[in-house]
Amino acid sequence: MIDLVNVAKTYYSKAGDIKALQPTDLHIRSGEIFGIIGLSGAGKSTLVRCINMLERPSSGQVFVDGQELTKMSEKELRKVRRSIGMIFQHFNLLASRTVYDNIAFPLEIQGLSKSEIAKKVQPLLELVQLEDRADYYPSQLSGGQKQRVGIARALASDPKVLLCDEATSALDPQTTKSILDLLQNINKKLGLTIVLITHQMEVVKAICDRVAVIENGVIVEQGSMVEVFTQPQHPTTKEFTKSVINAELPEIIKKMALSDTYEEGSKLIVRLTFLGDSAGEPIVSGMVKRFDVEVSIIYGNIDQLKDTPFGILIVEVAGEKNNIAAALDYLHARELKTEVIGYEL
């Protein structure tokens, strides 16, 4: 659906050139929700604005739905942009127009009649759950309602792609969740490809299928959202995932005197990471029954990565040496990540 081939963007000025985006390759599949995450100034907004050519790349090629946008004139781009909707952090609504008229605005520009506009606007009001706010003005709306208007307006031209530039950054957590639920519903109902720019890992975790991490104009890591969250490779990615999934050992474990080898009477400390179906399996109770060991839970946490259950459990396994070894082999054979932290005397 979207392909960036060696796309770069440099801003030139007398004070010095700024390389906002280094040569970048990116492929976004049709119908997926793709997250691009980075800190302020990382280049993520420049990247997304290159997709719809609001920023013309300094070099490289941009393809959307098989069309090369970088070869198009401004007149050709204006037509193509109808298939690329965009919503913003600060809503960008027209204060003097009602909710209905804000949504209708791009259709008016296209020259549609009032009856044609009504046929499009009314279903969009229902989709974003603002049927009873059609005659309200932006000043009478909450932040979440304003963003719903922005989403409806972006959908008015029946786009194939929806670009979201920090669309939830100005919203409180509860409203953010409702907007993310709406975007996910739109993605499923309309089959829309959504590109979501954010600095909030919680947003990526909630609805994205795949994600790219950008730093200093360079995509440092990308992959499925679950892979990036559970197996981050780059230091920047690890910092982002820490805010959602705390991979640090609890203080109670750090204070333990641990050894790398088993000694008579010592207990195994092991961290188990559960993903998907394995999160619901009775693995600990199965281990106790099979190998005559005692298991104490030291720390546990369960979460959700979009539709995938994800959990971390740190347990203490006590028993005879051979039984502990057999229990550890059993854990290694399961569909979960097993990490030996050490042996406690």
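Restricting attention to region 301-345, the residues being assigned to a strand (DSSP E or B) and within 37 Å of the chain's Cα centre (by Cα) number 21. Please find, within region 228-254, the residue that is surrounded by the most Cβ atoms within 10 Å (Cβ to Cβ) out of those that are at pLDDT 90 or above and either polar (S, T, N, Q) or over 30 Å from Ala206 (Cβ atoms) (or both). Only one residue fits best here, namely Thr237. Taken over region 300-339, the criterion of being surrounded by 15 or more Cβ atoms within 10 Å (Cβ to Cβ), within 17 Å of Glu251 (Cα to Cα) and modelled with pLDDT under 90 is satisfied by Ile312, Leu313. The residue list Glu116, Glu202, Glu131, Glu126 contains one member that is without any contact (Cβ under 8 Å) to a residue 12 or more places away in the chain, under 30 Å from Gln304 (Cβ atoms) and not aliphatic (A, V, I, L, M), which is Glu126.
Go through region 27-42 and count every residue that is open to solvent by 10 Å² or more (accessible area, probe 1.4 Å) and either of a type in the set (A, V, I, L, M, F, W, C) or touching a residue at least 40 places away in the same chain (Cβ under 8 Å) (or both). Break it down into steps so the answer makes sense when it comes.
Taking region 27-42 first, the residues open to solvent by 10 Å² or more (accessible area, probe 1.4 Å) are 27, 29-32, 39-41.
Then drop every residue that is not either of a type in the set (A, V, I, L, M, F, W, C) or touching a residue at least 40 places away in the same chain (Cβ under 8 Å) (or both), which leaves 29-32, 39-40.
Here the count works out to 6.
Every listed requirement among (1) more than 23 Å from Leu183 (Cα to Cα); (2) open to solvent by less than 30 Å² (accessible area, probe 1.4 Å); (3) not in a helix (DSSP H, G or I) is met by Arg56 save one, (2). When each of Gly41, Gly31 is tested for being modelled with pLDDT of 95 or more and in a loop (DSSP other than H, G, I, E, B), the lone residue that passes is Gly31. All of (1) in contact with a helix residue (DSSP H, G or I) (Cβ under 7 Å, 6 or more places away or on another chain); (2) of a type outside the set (Lys, Arg); (3) at pLDDT below 95 hold for Glu166 with one exception: (1).
Can you find even one residue in region 269-287 that is open to solvent by 50 Å² or more (accessible area, probe 1.4 Å), modelled with pLDDT of 85 or more and either under 30 Å from Gly35 (Cβ atoms) or more than 34 Å from the chain's Cα centre (by Cα) (or both)? Spell out how you get there, then give the answer.
Quick first cut of region 269-287, residues open to solvent by 50 Å² or more (accessible area, probe 1.4 Å) only: 275, 277, 280-282, 285.
Checking the rest, the ones that are also modelled with pLDDT of 85 or more come to none.
Within region 269-287 (the criterion being open to solvent by 50 Å² or more (accessible area, probe 1.4 Å), modelled with pLDDT of 85 or more and either under 30 Å from Gly35 (Cβ atoms) or more than 34 Å from the chain's Cα centre (by Cα) (or both)), the answer is no, since none of the residues qualifies.
The number of residues in region 203-219 that are touching a Leu at 6+ places or on another chain (Cβ under 8 Å), closer than 17 Å to Gly31 by Cα and part of a strand (DSSP E or B) comes to 1.
For region 92-108, taking the residues that are open to solvent by 30 Å² or more (accessible area, probe 1.4 Å) and hydrophobic (A, V, I, L, M, F, W, C), the one that is nearest to Val149 (Cα to Cα) is identified as Leu93. Screening Ala257 on (1) under 30 Å from Gln184 (Cα atoms); (2) among the aliphatic types (A, V, I, L, M); (3) exposed (fewer than 12 other Cβ atoms within 10 Å of the Cβ) shows it passes everything except condition (1).
Let's see how each residue does on (1) among the hydrophobic types (A, V, I, L, M, F, W, C); (2) in contact with an Asp or Glu (Cβ under 9 Å, 6 or more places away or on another chain); (3) under 30 Å from Val213 (Cβ atoms):
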position	(1), (2), (3)
Gly223	no, no, yes
Thr236	no, yes, yes
Glu251	no, no, yes
Glu264	no, no, no
Leu272	yes, yes, yes
Lys289	no, no, no
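The values are calculated or read from the model by the stated rules, or taken from the named source; none is laboratory data. In this text, all values refer to a predicted model and were calculated from it rather than measured experimentally. Please note: Cβ atoms are built from the backbone with ideal geometry, for glycine as well, and neighbour counts cover all protein chains shown. Remember, those area values only see protein heavy atoms, side chains included, never the ligands or the DNA or RNA. Shrake-Rupley method; radii C 1.70, N 1.55, O 1.52, S 1.80 Å.
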